[in-house]
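Every number in this text was worked out from the coordinates using simple rules, so none of it is lab data. Since we're looking at a predicted model, the values are computed, not measured. Quick reminder, even Gly has a Cβ in these numbers, built from the backbone with ideal geometry, and neighbours come from all protein chains shown.
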Amino acid sequence: HVTDQVNKSTSHMEDRVDDLKKEMAESVHVLQGTVDDVLKKLTAQKKSQNEAESNLLNLIEETCTSLQMEIEEERKQRVASHKHLERVLLEATARQWTKT
């Protein structure tokens, strides 16, 4: 009679252990799915961040290039304007000398 009770208890414990193993396996499966989803989202987010950073760097580079070209053009205009003013002053001075 004791042997029967021990066998029943053992059988019941084995069944319970099997149930727990199944529950754990299901939990692990769900957790793995969640981890996979999070990794996919993080990867997509990182890719978006990299693209945004790349676009920003390209915009900065284009802006710097454009500003450099504008600066160079303005310098050329200043030089031309300065030369023109020098010519006008020289001509005016020459006329002044001619009159006297």
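Cα centroids of the stretch 52-89 and the stretch 4-33: 77 Å apart.
Distance between the modelled labels on GLU72 and ALA25, one decimal in nanometres: 7.1 nm (7 Å Cα→Cβ projection). The charge dipole of the stretch 45-100, taken about its Cα centre with unit charges on the Cβ atoms of Lys, Arg (+1), Asp and Glu (-1) only, comes to about 480 debye. Given the stretch 6-93, what count of lysine pairs have C-alpha atoms under 29 Å apart, with each pair 8 or more places apart or on different chains? Eligible lysine pairs with Cα atoms under 29 Å apart amount to 5.
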